[in-house]
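First up is the structure itself, then whatever we jot down about it.
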Amino acid sequence: TSTMSHSIVLVQFLEDENSKTYMDFESVESALEGLCQLYEQIYLKSTSSTSESVSYDLAELFKYLDSLQDLSCLSYTDETKCYTPHGRDWIKSQLYNLMRSKGE
């Protein structure tokens, strides 16, 4: 199996080209957790909650990810010494596996 390490998440929030950004992570898992944190920040703003903990289900997270104009991930693979591009569906399946492994 290939070992994937450094990952870059590319996000376009709105139709506006200026809403494009990227986030840099040390691993695929940390990139996935970063997307969850991004959603949590948006969720907290929209609910005006002051609670320390945020509770949501995977369907809500996926709905948010689907609402983004564009979403992709580049993950570095040691074997090939290059970045492999992944789309929204791959990201969602990886998030599903991550949450399942954490028992959330």
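The values are calculated or read from the model by the stated rules, or taken from the named source; none is laboratory data. Keep in mind it's a predicted model, so treat the numbers as computed, not measured. Neighbour counts run over all protein chains shown; Cβ positions are idealised from the backbone, glycine included. Note: areas computed on protein heavy atoms with side chains; ligands, DNA, RNA excluded. Shrake-Rupley method; radii C 1.70, N 1.55, O 1.52, S 1.80 Å.
Below is a table of values for the structure above.
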quantity: Count of the stretch 9-32 residues which are closer than 22 Å to K102 by Cα and free of Cβ contacts under 8 Å to residues at least 40 places away in the same chain; calculated: 4
quantity: First in the stretch 61-76 and open to solvent by 80 Å² or more (accessible area, probe 1.4 Å), second anywhere and assigned to a strand (DSSP E or B), Cβ under 9 Å, 6 or more apart; calculated: Q69/V11; Q69/Q12; Q69/K20
quantity: Residues that are at pLDDT 95 or above, surrounded by 15 or more Cβ atoms within 10 Å (Cβ to Cβ) and aromatic (F, W, Y), drawn from the stretch 1-40; calculated: F25
quantity: Candidate set from the stretch 77-94 (those that are outside any strand (DSSP E or B) and either open to solvent by 70 Å² or more (accessible area, probe 1.4 Å) or acidic (D, E) (or both)); member that is farthest from N18 (Cα to Cα); calculated: E79
